[in-house]
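Structure first, commentary second.
Coordinate-derived values only; no laboratory data. All values derive from a computational prediction rather than experimental measurement. Every residue, glycine among them, receives a Cβ derived from its backbone with ideal geometry; neighbour counts consider all protein chains shown.
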Amino acid sequence: MTRTASESFTLTHAKYLAAKVTSDMLRCLQNYGRPAQSDINNYGTELALLLRDDYVAAYEFGFSQGDQRLLSWHYVVDSSGISSTDDRPGRIVSGVAVASATWFNQLTFSSAWFALPQAERDRICTGLPIQRVTKDGPKDGRGYWTNDLNYSASGVSLGRRTFRPY
């Protein structure tokens, strides 16, 4: 007896992964008062829609001072199909003084995104709840990165690393 199974990455899977990231944002809101709840909902919708079509290479949110990271969470998308662990969201660093810091949210588009004609990219962006401006994200500040969690669904994973101050 043989069995063949095939599963594609759907909007349901993308929503599942986006929910893990937005859970981290909600914990960030609980610890640091930012981002706003309405923004979290919009970020989650945007991320799910773009993940579904393989348009995201990386995603990051956190706090910066000037052009340097103070505290942030960075997710790298791996759509190689290799099965990986699926951790529970959480383990958000607490107790960092962010009162004078600026909140940021950065999305890095994938090569699949840049393979689209400009008119198609413009059409997709028009339907998203977040209107982004292309710019460089912050540089590493006085701190260090730790690889801490991994979220996965149907062969796509988001490896999370955290930048925290010394």
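What is the local net charge at residue 134, summed over the other residues whose Cβ is closer than 14 Å to its Cβ (Lys, Arg +1; Asp, Glu -1)?
Computed value for this residue: +1.
Using bins 10 angstrom wide from zero, how does P(r) for the chain break down, in % of all Cα pairs?
The calculated distribution, bin by bin, is 10, 38, 35, 13, 3, 1, 0.
DSSP loop GluC sites (Glu not before Pro) in region 36-129 with at most 11 other Cβ atoms within 10 Å of their Cβ, which ones?
Here no GluC sites (Glu not before Pro) fit, given the DSSP loop and packing criteria.
Arranged by the count of other C-beta atoms within 10 angstrom, fewest first, what order do 17, 107 take?
Final ranking by Cβ density, sparse to dense: 107, 17.
Please give the FRET efficiency for residue 8 paired with residue 80, using the beta carbon to beta carbon distance and R0 = 22 Å, rounded to the nearest 0.05.
Values: r = 15 Å, r/R0 = 0.67.
Once rounded, the FRET efficiency stands at 0.90.
Answer rounded, prolate or oblate for region 54-145, using the Cα gyration tensor with square roots of eigenvalues a ≥ b ≥ c: rounded when a/c is under 1.5, else prolate when a/b is larger than b/c, else oblate.
On the way: a/c = 2.33, a/b = 1.38, b/c = 1.68.
Oblate shape, in that a/c is at least 1.5 and b/c is the bigger or equal ratio.
Please report, in debye to the nearest 20, how large the charge dipole of the chain is about its Cα centre when each Lys and Arg carries +1 at its beta carbon and each Asp and Glu carries -1 there.
Rounded to the nearest 20 debye, it is 360 debye.
Tally Lys and Arg at +1 and Asp and Glu at -1 over the other residues with C-beta under 10 Å from the C-beta of residue 103: what net charge comes out?
0
Which net charge results when you count Lys and Arg as +1 and Asp and Glu as -1 among the other residues whose beta-carbon is under 10 Å from that of residue 17?
+2
Exposure proxy check: 80, 72 ranked by fewest other beta carbons within 10 Å? Kindly include the intermediate steps, with their values, before the conclusion.
Details: 80 10, 72 25.
If I rank by nearby Cβ atoms, fewest first, I get 80, 72.
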